[in-house]
1. I'm trying to understand the selection: among the residues of the range 91-112, which are in a loop (DSSP other than H, G, I, E, B) and surrounded by 11 or more Cβ atoms within 10 Å (Cβ to Cβ)?
2. How about the range 67-84: which of its residues are touching a strand residue (DSSP E or B) at 6+ places or on another chain (Cβ under 7 Å) and near ligand 2 (Cβ under 8 Å from one of its atoms)?
3. Take the residues of the range 113-129 that are within 16 Å of ligand 1 (Cβ to nearest atom) and among the small types (G, A, S): which is surrounded by the most Cβ atoms within 10 Å (Cβ to Cβ)?
4. Just to be sure before I move on: is H14 within 16 Å of ligand 1 (Cβ to nearest atom) and of a type outside the set (D, E, K, R) in the structure I sent?
5. Residue under question is R88, and the condition is that it be under 30 Å from Y18 (Cα atoms), under 19 Å from the mean Cα position of the chain (by Cα), surrounded by 10 or more Cβ atoms within 10 Å (Cβ to Cβ) and among the basic types (K, R); does it hold?
6. Please specify each residue of the range 113-135 satisfying the condition of being assigned to a loop (DSSP other than H, G, I, E, B), within 16 Å of ligand 2 (Cβ to nearest atom) and closer than 24 Å to D60 by Cβ.
7. Among the candidates F100, F48, which residue alone is under 28 Å from E23 (Cα atoms), at pLDDT 95 or above and not charged (D, E, K, R)?
Amino acid sequence: MTATLDDTRLSKNHRLVYDIVQEQGVGRHLPMSDLYELARTRRPGIGFTTVYRALTRLRDLGMVSEITLPGADSAFYEAAGPAHAHFRCIQCGNVSNVRFALPPDVVTVVASELGAQVSDSVVSLLGRCHTCTTSTTVAS
Ligand SMILES: [Zn+2]
Ligand SMILES: [Zn+2]
């Protein structure tokens, strides 16, 4: 079960960060630096560490998804939603949602082969996005 605001007591700052991520919606992937800027416009003086701690806690509560992608400098944060994969453009860095998740039975088989408990799976695709592949700009 995903925690909800009703059964989780969040501090004001955590609530603010949660609201900001929630307002972006599923499909928007913001690095912490962007979330920090948004938080500062709402609450000038809020600390970087405070936003970081809020994101860590919200992630641990399953209320916010933390996405780390190969080649990306930093993690992205997204409103918690249905499991999906991500495509990252290696040229412009744009991140898009991909409607794909490992089928549960595949995870079950892999887990039993490993004799392990699988708690999470991450599927990432890399390449060049439509805009970059159709761009006529010649890199110099
Ligand atoms: Zn691109
Ligand atoms: Zn996503």
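1. Within the range 91-112, the subset in a loop (DSSP other than H, G, I, E, B) is 91-94, 99-103.
Residues satisfying the conditions are Q91, C92, G93, N94, F100, A101, L102.
2. Hits for the range 67-84 are I67, F76, E78, H84.
3. Step by step, filter the range 113-129, then rank; the result is S124.
4. no
5. In short, yes.
6. D120, S121, V122, V123
7. The match here is F48.
The values are calculated or read from the model by the stated rules, or taken from the named source; none is laboratory data. All values derive from a computational prediction rather than experimental measurement. Heads up, the Cβs are rebuilt from the backbone with ideal geometry, glycines too, and the neighbour counts pull from every protein chain shown.
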